[in-house]
1. What shape does segment B:48-143 have by the C-alpha gyration tensor, where a ≥ b ≥ c are the square roots of the eigenvalues, rounded means a/c under 1.5, and otherwise prolate means a/b greater than b/c and oblate the rest?
2. Would you list A:Ser29, A:Ser63, A:Ser18 from fewest to most Cβ contacts within 10 Å?
3. Only loop residues by DSSP count here, and only those with at most 12 other Cβ atoms within 10 Å; note down the GluC sites (Glu not before Pro) in segment B:1-88 that meet that.
4. For segment B:39-109 and segment A:8-43, compute the distance between their C-alpha centroids and round to whole Å.
5. Averaged over A:57-64, how many beta carbons belonging to a partner chain fall within 10 Å of each residue's beta carbon?
6. So which of B:Lys9/B:Lys46; B:Lys104/B:Lys157; B:Lys73/B:Lys104; A:Lys10/B:Lys162; B:Lys63/B:Lys142 end up more than 20 Å apart by C-alpha?
7. Taking the convex hull of the alpha carbon atoms in the protein assembly as shown, what volume per residue do you get, in Å³?
8. Quick check on chain A: what does the Kirkwood estimate of hydrodynamic radius come out to from the alpha carbon pairs, in Å?
Amino acid sequence: MATRTENVVKMLKDLQASTPDVEASAVVSLDGLIIASALPADVEEDRMAAMSAAMLSLGERTSEELQKGKLNQVFIKGDDGYVVLMSAGDEAVLSVMARKDAKLGLLFLDMRRTAETIGTLF
Amino acid sequence: MSTELETYKNTLASMTKIMSILAHGHSQEGLFGRAVNRMMYLTGEKIGKVEGEKIDRTSDLQKALGMLMEQEKGVWVAELWKNEEDGDYIYEEDGTRKVRMVFKDCPVRQVCLAHGTEMNGVFCQIAHGLFGGLLESIMDQKVALTAEHTGPNACKKILEFK
């Protein structure tokens, strides 16, 4: 029987397979620790996990402070692509790196579905 | 006391007060959530790894600890610890090798005790990362340091070999 981590890794691989714009993805705990990942070798997993969890929390506080309601996602656009963070249940964060020409509507939709499924596991 | 010495004393006292505020960590946790501890740990670890490059290498934990404390000259007072019934310092839990350590002194303990600040806040996480990073460099082995117990006389920590 597959472990929860194996199940999450499979979900991340499915997300990357169904959305070609996704370059890499990870699920991290709110404590900033990695739960599962499909990241390139040159990405420092530990640092990425801590930054993702902290960034999501900062986004939640900002949205709350500026009275913009419950946070849906944190969206970072760089010259070479995107990083999108979404909460996956109460205890995890889904972090996705996407190409600069990514179709964002499709990306957000697939991420939301994946985040909801992951959220049921934690 | 000379004016210059008085100024140094006051500056040091103010500095430890600022550090005690940082050690408290409530404001950081309010913004960055629970991940602030991990972020602080990784920050300390990075510096520890760089600092550890100045120290010789050994895979022996006892020797590594001795070398680290010698290099840092009285800043850390730490030793390995085991229960009376345990044969060895190193034990295995959940498939991971671990060792308990007692810290009788460290820079954060001094600050927390001087200002009555609760221990095991974010500043402790920087110190854990720093100490872990130093050991990692000396032993060429990935480790993680966490607090099992903090107290006025000493702190008990767990060093995990990754």
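1. Numbers: a/c = 1.70, a/b = 1.19, b/c = 1.44.
Oblate.
2. Numbers: A:Ser29 18, A:Ser63 15, A:Ser18 12.
Ascending Cβ contact count within 10 Å gives the list A:Ser18, A:Ser63, A:Ser29.
3. Numbers: sites: B:Glu4, B:Glu6, B:Glu29, B:Glu45, B:Glu51, B:Glu53, B:Glu70, B:Glu72, B:Glu79, B:Glu84, B:Glu85; in loops: B:Glu53, B:Glu84, B:Glu85.
Counting only loop positions with at most 12 other Cβ atoms within 10 Å, the GluC sites (Glu not before Pro) in segment B:1-88 are B:Glu53, B:Glu84, B:Glu85.
4. Each part reduced to its Cα centre gives a spacing of 33 Å.
5. On the way: counts 8, 4, 0, 2, 4, 1, 0, 0.
For peptide A:57-64, the averaged partner shielding equals 2.
6. Values: B:Lys9/B:Lys46 30 Å; B:Lys104/B:Lys157 11 Å; B:Lys73/B:Lys104 14 Å; A:Lys10/B:Lys162 24 Å; B:Lys63/B:Lys142 17 Å.
Checking Cα-Cα distances, B:Lys9/B:Lys46; A:Lys10/B:Lys162 exceed 20 Å.
7. Numbers: hull volume 53.8 nm³, N = 284.
So the per-residue Cα hull volume is 189 Å³.
8. Working: mean 1/r = 0.0698 Å⁻¹.
Radius from the Kirkwood sum: 14.3 Å.
A short reminder: the numbers here are calculations on the coordinates, not readings from a lab. Predicted model, so just to flag it, every value in this text is computed and none were measured. Because the Cβ atoms are built from the backbone with ideal geometry, glycine has one as well, and the counts that use them run over all protein chains shown.
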